[in-house]
1. Scan the stretch 62-73 and give yes if some residue there is out of contact with any Gly (no Cβ under 9 Å at 6 or more places or on another chain), open to solvent by less than 10 Å² (accessible area, probe 1.4 Å) and outside any helix (DSSP H, G or I), otherwise no.
2. Which residues, taken from the stretch 225-237, are within 16 Å of ligand 2 (Cβ to nearest atom), crowded, with 19+ Cβ neighbours inside 10 Å and of a type outside the set (Phe, Trp, Tyr)?
3. Condition test on Leu69, is it at pLDDT 95 or above, within 25 Å of Thr441 (Cα to Cα) and either more than 16 Å from ligand 2 (Cβ to nearest atom) or in contact with a helix residue (DSSP H, G or I) (Cβ under 6 Å, 6 or more places away or on another chain) (or both)?
4. Select from the stretch 304-323 the residues that are free of Cβ contacts under 8 Å to residues at least 40 places away in the same chain and either aromatic (Phe, Trp, Tyr) or within 13 Å of ligand 2 (Cβ to nearest atom) (or both) and list them in ascending order.
5. Condition (residue is within 15 Å of ligand 1 (Cβ to nearest atom) and either open to solvent by 50 Å² or more (accessible area, probe 1.4 Å) or part of a loop (DSSP other than H, G, I, E, B) (or both)) applied to the stretch 329-347: is it met by at least one residue?
6. Before we move on, is Arg369 basic (Lys, Arg) and free of Cβ contacts under 8 Å to residues at least 24 places away in the same chain?
7. Give Val271, Val288, Val266 a once-over and let me know the one that is of a type outside the set (Phe, Trp, Tyr) and either at pLDDT below 95 or touching a Lys or Arg at 6+ places or on another chain (Cβ under 7 Å) (or both).
8. Could you tell me whether any residue of the stretch 292-302 is closer than 20 Å to Ser421 by Cβ and either touching a residue at least 60 places away in the same chain (Cβ under 8 Å) or within 16 Å of ligand 2 (Cβ to nearest atom) (or both)?
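The values are calculated or read from the model by the stated rules, or taken from the named source; none is laboratory data. Because the structure is a prediction, the values reported are computed rather than measured. Here the Cβ positions follow ideal geometry from the backbone for every residue, glycine too, while neighbour counts run over all protein chains shown. When the accessible area is computed, the model is the full protein with side chains, heavy atoms only, and any ligands, DNA or RNA have been set aside. Shrake-Rupley method; radii C 1.70, N 1.55, O 1.52, S 1.80 Å.
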Amino acid sequence: MRARILSPTDDGRTTFHRDGVVAVDATGRIRWVGPAADHEGAISPDGGAPAVPVIDIRPLVVLPGLVDLHAHLPQLPNAGLGAGLDLLAWLRRYIFPLEQRFADEADAAALAPAVFRALASVGTTTVLAYGAVYAASMHEAFRAAERHGIRAILGKVMMDRITYDEEIEPSTILERSMRESEELCGRWHGAADGRLGYAVTPRFALSCTAEMLRASADLAERTGAWWQTHVSEDPGEIAEVGRLFPEARDYVDVYDRAGGLGPRTVLAHAVHLTDRELTRLVDTDTRVAHCPASNLFLASGIMPLARFLGAGLGIGLGSDVAGGPDPSMFSVMRVGAYAQNARRTLLGESEPSLGPLDWIRMGTLAGARALGLADRIGSIEAGKEADLIAVDAGLTAPVRHADLGAPQHEPIDDDPADIASRLIFRPHPEMVRAAWVRGRTLEGPGLAAGD
Ligand code: GUN
Ligand code: ZN
């Protein structure tokens, strides 16, 4: 594929080819990437010609596929609803009743494919997501991801208190939740040749007893699955965790005592960490999904991002749909940047601000790192799997894709930071024109719709 190519690299830089080629082999791996002028003479590793013919999609920009480290599959229908409520009121009013609809397998089967198409349409090629409590709905979600082609790590939500899981006997809820999670994990973790994965998913400390947290962390440890939950999102939530877990030093300690911290764990939010909590997450190499759009939508707070990054915390980005109203990771980057600017201006913080290329890195390679997948995805480098998107960095969208032959792409500078800035701060509908996982086109973005 011939395009502008922009990517963070594993060594901490950003590469940009104004006229570049990325060659993908038949197994969906990136075989070669570099300037188009060098490609003709490039020798592929086995000495043969590139397996895929070069199609020219300039002036579109090819980026690594975006990584959404935190989303809730059943919540997309309520995106944008409930502004003005705080977290706990919003969950009760807008979210728990919505997730209950997933008790109906047919509802789940209908919604899941649409959610994956919606994610791909905004450039997300990897998602770590929560489902609902119902095991049958999770099988539907995994089947939909398997068919769609997106890279997905999913988990059945576990709750044995403050729950909507009404059908279950309180005395057997833990046992059933564990059994179903284990079955789902056994069936789906590593499926589709490693494209699908399982995340053991206790919802958060308020919805789980210490026994459930411990058993779930043990399951993740035994199976090599991920472990995901929420932490330190909202002041009211944090106070309530202190009341329910008086033996714990703080919120992070609740999960620490359960054996839940470590490099296979992704904690969403982590907005209000104390210094002790921050140090503990860094020391245990626990990963964090920063969800700035959600944190402003629900008025949860603004993470001191630069300080946490400076401390060495492993951070990627999450949409937290529907806590965040928009599944687009470009939108998450934009709100994150504005929120950090607000911190700087209001609080006079002196840490260096993040530029557009830093945000692109966080939404791609840093997310892949947080999942332990950076050896496979997150950047456009030879040997990695071809999880890519093609985006239009022009100022306006063509009205219809049929007009693609002569779109009005005004030239923007050859500076990759300008391109990243345009994509993040001046998005337009259908900006993402195609998405691929392992070189295979995903249904969702405009070009893939066939027009
Ligand atoms: N904490 C527990 N459940 C949720 C949820 O669904 N969304 C958000 N944003 N926070 C949570
Ligand atoms: Zn969430």
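1. Filtering the stretch 62-73 for residues out of contact with any Gly (no Cβ under 9 Å at 6 or more places or on another chain) gives none.
Checking the stretch 62-73: not a single residue is out of contact with any Gly (no Cβ under 9 Å at 6 or more places or on another chain), open to solvent by less than 10 Å² (accessible area, probe 1.4 Å) and outside any helix (DSSP H, G or I).
2. If we filter the stretch 225-237 for residues that are within 16 Å of ligand 2 (Cβ to nearest atom), which is where we start, we get 226-234, 236-237.
If we keep only those that are crowded, with 19+ Cβ neighbours inside 10 Å as well, we get 226-234, 237.
Within the stretch 225-237, Gln228, Thr229, His230, Val231, Ser232, Glu233, Asp234, Glu237 meet the criteria.
3. Working: at pLDDT 95 or above: yes; within 25 Å of Thr441 (Cα to Cα): yes; either more than 16 Å from ligand 2 (Cβ to nearest atom) or in contact with a helix residue (DSSP H, G or I) (Cβ under 6 Å, 6 or more places away or on another chain) (or both): yes.
Yes: the conditions hold for Leu69.
4. Phe308
5. Of all residues in the stretch 329-347, those within 15 Å of ligand 1 (Cβ to nearest atom) come to 332, 335.
Restricting the remaining residues to those that are either open to solvent by 50 Å² or more (accessible area, probe 1.4 Å) or part of a loop (DSSP other than H, G, I, E, B) (or both) gives none.
No, there is no match, as no residue in the stretch 329-347 is within 15 Å of ligand 1 (Cβ to nearest atom) and either open to solvent by 50 Å² or more (accessible area, probe 1.4 Å) or part of a loop (DSSP other than H, G, I, E, B) (or both).
6. Working: basic (Lys, Arg): yes; free of Cβ contacts under 8 Å to residues at least 24 places away in the same chain: no.
No, not satisfied.
7. Working: Val271 fails: either at pLDDT below 95 or touching a Lys or Arg at 6+ places or on another chain (Cβ under 7 Å) (or both); Val288 fails: either at pLDDT below 95 or touching a Lys or Arg at 6+ places or on another chain (Cβ under 7 Å) (or both).
Within the list Val271, Val288, Val266, the selection yields Val266.
8. Restricting attention to the stretch 292-302, the residues satisfying the condition of being closer than 20 Å to Ser421 by Cβ are 292-293.
From the residues that got through so far, the ones that are either touching a residue at least 60 places away in the same chain (Cβ under 8 Å) or within 16 Å of ligand 2 (Cβ to nearest atom) (or both) too are 292-293.
Yes, the conditions are met somewhere in the stretch 292-302.
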